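Before any comments, here is the structure.
Laboratory data are not the source of any read-out in this text; all were calculated from the coordinates shown. What you are looking at is a predicted structure, and each value in this text was computed from that prediction instead of being measured. Quick reminder, even Gly has a Cβ in these numbers, built from the backbone with ideal geometry, and neighbours come from all protein chains shown.
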């Protein structure tokens, strides 16, 4: 007997997954005649349709008379949490597609494969976000990841890209094995793969006679998912992949894949395993602190902008873990908010990184940004805003994300975690300042870092820098309209909801209410 | 809480404080759309600052002290889900901080104009004023934190982009030091709000008055929270030991930046101690008072000693700020009416005198391109007016009776002496030292024989005289007749001291230090 299917619940997957498969099939037939932009436009259309269905789902879920619902014998659950994170994944794919043409044209990425893989990966992400069963969760995780491995290696002409793909794949497959083993142990301990049954079994004390199995299951699941969200010490792949992979793919990874990975972490640990939170919270707390501190500290010493942003994304993962650690509705909504606003910061930042290009060795040294404020003031302004938001400055969404996460930690009385994370945020602020200094305060061709203390006789005749000096030989950075659009949208969202955060906070709050409250 | 609200006067123009805060921000937006090389940039920026100053002047005149509560209250919910509201209000404590800010910004703007990138320079100055005004008016913990933190960004760019010397390094140092301080403050803000809502059984709120008046947080938790706040303020003040960013930032900043840094930004810290230390955590403030007083005294003596050794005139003034701010901390943590009023008055005085000193040094530097004391000399002959102004300001800074510095310093010492005698005695040493190094520097720069370029130094221009004139007038006015200021301050200060006595009686505590001090 086949279970009943509520197709409305699967609309985003149909648009994303189904659409990408149709595109792939058609592509093999008409490839020769299709212009390069067609797959991109089709991809944008499909993600827009998926986004529309996500919005429709949100309205349905938030309607008090209808509420969350599940389908396919309860293995897929459409609730506020699932819809919120599906939205984040879809937006990540959408904006990555919007600014991808630049990369497609310059680096010669195969346009069709890029769109198809991105849509497929997003379909996996949406599945992951709405999974209510360990098997479906794994299915989503694999679809998400395998497409992402190929995306990382898509820039076939560059060895760095292939290296990124291979590293990501090998380590990712390893992590998937951990996850699967963990899922099997949980099944063994709880007697079901369905998350609500597992939660009920745990609450009824199912773990007591198979405690070792349960704890091992937690540990293995955590390892597998920590890898996906790039938490220290499972982060080693991140800088290499972020440096080597094509920028639109990286932007999608930082925003979308991370959100999907956290969807699994939050759904499993803050949701299903909340009855045993005493068992896993210490582990998450330790990893969160290490991740915040290491991510920030390693950013200080990295000399490549992509690697720097990779470490910064690791640091952000640490903050989101702080939200997970507090193991409650507030922590979950804080993590959701963080994922939502970070998606925009990451997409905008990597769009800027993309137009700044690579040097001969395929990297992007910090010096590429010297004097950018003079050459391309708007680009520099947008990037600065996104960086300051990542540093958590007030009147940006980044502040509210940190505020909520730290607030959740304070509310659960884990003061040490809140305090250490905030100190990590100061170190991270220095990382972003390194770039801002480059853009605004360093003349191109001048010496290095702001802190490379060149102790000139303090306060003595150093007015060589005054006087109008527009004598930068380098031309302004050519910013295509699509990239400008993405950076502007991301910066506008970051600033607007930074000043008026109420809708965002309510959105993230409503997202968790529909799961944990109902 | 009822007492406080009842004390609020009924203003004719209730939204005046919103207008005060937003005027500079509107100015920044207007300036941002002007063409880059427009000659109207400086006048327009000054116009908006003067408009804000006019509004503040109206508030100062219109303010009736009443029982010391907050006036012109505006309370508009911003994010109702977390109880965060746009709550502004002014009382006798913040009134003159507001006035100082509104006065110094237009003067600093008119005093000097950078040679490049003038548009962004004035935009940053306006945003900086927005932040500073917001800090002094915010009556919501979170709103205060937002303003307190946002001030960093414009100041960072002002120092880094238009500074001298090692400006980049100084800017980054300033940013990181201050951000380090406020990082834990956010944890403190959150902890205070959550603990209050849990203990009082009310929904989450960040309202300062509600939390401070209820005093439901346990003493030990309040002490930790106080420390989290205090670290943020201590870096900003800065207390001795956390001050290393200050000489660099002050020296390398452009003139306007130095004036605002010394005149307004340092006061964010001392004001924070009064408003969010003493008022919010009275018991913890009394508990930590001996520690804070010690920091204050160390700052006075250390700042004076190091200032005496400086060869750079601007650096000397920067270190003298450390000493002066030590005095202010001494007054605040004397925890009585005299000390607090003296500290508050001294905050205004220091803003006026040090602001004026930085203006003068900035003008001197424009003319001579050096600030080395050894290379200057005999300037009184070619520039008598500059010398006279400099002398007057220096004497005010030293605390000569009849000028503004005296009143504040006297009240501080009076207050400190009556509650913590030995700290006051140690602080008096600083008064003497300050006289030594400042007058010594003045003598070396302005007296003696002028040679070479020194002999041809142009005197203050009319524009410069006009800029510094209001400050001189205030130096004399506050020195001779400080009553109007003290009258407006006192009810609020008394209210605060009463609040302290109510929640942390001084009787048990005042015995302790004298016993402790008797043994050595």
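Here the spin labels are modelled as points 7 Å beyond Cα on the Cα-Cβ line, and at residue A:500 and residue B:487 they lie 4.5 nm apart. When peptides B:382-388, B:125-131, A:474-480 are sorted by average Cβ neighbour count within 10 Å, with the highest value leading, the order is B:125-131, B:382-388, A:474-480.
The mean number of partner chain beta-carbon atoms within 10 angstrom of a residue's beta-carbon across peptide A:421-427 is 5. Cβ-Cβ distance of residue A:360 and residue A:488, R₀ of 30 Å, FRET efficiency by 1/(1 + (r/R0)^6): the value works out to about 0.45.
What does the C-alpha gyration tensor say about the overall shape of region B:111-267? Classify as rounded when a/c is under 1.5, otherwise prolate if a/b is larger than b/c, or oblate. The shape class here is prolate.
From least to most packed, judged by other beta carbons within 10 angstrom and beginning with the fewest, B:294, A:127, A:28 follow the order A:28, B:294, A:127. With neighbours defined as other Cβ atoms within 10 Å of a residue's Cβ, the residues B:159, A:14 order from fewest to most as A:14, B:159. Distance between the pseudo-spin-label points of residue B:44 and residue B:198 (7 Å out from Cα toward the beta carbon): 5.1 nm. Seen from all directions on average, region B:149-219 presents a Cα convex hull projection of 5.8 nm². Put in order of Cβ neighbour count within 10 Å, fewest first, the listed residues B:36, B:81, B:371, B:118 become B:36, B:81, B:118, B:371. Averaged over peptide A:388-399, the number of partner chain Cβ atoms lying within 10 Å of each residue's Cβ comes to 4.
With the alpha-carbon atoms of the protein assembly as shown aligned to their principal axes, the span from lowest to highest coordinate is 99, 67, 56 Å, starting with the largest. Volume per residue for region A:65-210 equals 114 cubic angstrom (convex hull of Cα atoms).
Work out the mean other chain Cβ neighbour count within 10 Å for the residues of B:185-198 and drop it here as an integer.
The per-residue average across the peptide is 5.
Note on residue A:478/residue A:26: beta-carbon distance plugged into 1/(1 + (r/R0)^6) with R0 of 45 Å gives a FRET efficiency of 0.85.
Assuming a ≥ b ≥ c are the square roots of the Cα gyration tensor eigenvalues, decide whether region B:111-195 counts as rounded (a/c under 1.5), prolate (otherwise, with a/b larger than b/c) or oblate. Oblate is the answer for region B:111-195, as a/c is 1.5 or above yet b/c matches or exceeds a/b. In region A:251-356, the inverse of the mean reciprocal separation of distinct Cα atoms equals 14.1 Å; this is its Kirkwood hydrodynamic radius. Scaled against the 2.2 N^0.38 Å expected of a compact globular protein of N residues, the Cα radius of gyration of region B:65-177 reads 1.25.
If you plug the beta carbon distance of residue B:311 and residue B:473 into 1/(1 + (r/R0)^6) with R0 = 45 Å, you get a FRET efficiency near 0.90.
In whole angstrom, chain B maps to an equivalent ellipsoid with semi-axes of 35, 28, 20, each derived as √(5λ) from the alpha carbon gyration tensor and ordered largest first. Over region A:1-80, the alpha carbon radius of gyration divided by the compact-protein estimate 2.2 N^0.38 Å works out to 1.38. What shape does region B:291-513 have by the C-alpha gyration tensor, where a ≥ b ≥ c are the square roots of the eigenvalues, rounded means a/c under 1.5, and otherwise prolate means a/b greater than b/c and oblate the rest? Because a/c hits 1.5 or more and a/b exceeds b/c, region B:291-513 counts as prolate. Computed over region A:152-273, the P(r) curve from all C-alpha pair distances, binned at 10 Å from the origin, holds 14, 39, 25, 15, 6, 1 percent per bin. Stokes-Einstein diffusion for chain A, with the hydrodynamic radius set to the Kirkwood value over Cα pairs and evaluated at 25 °C in a medium of 0.890 mPa s, equals 106 µm²/s.
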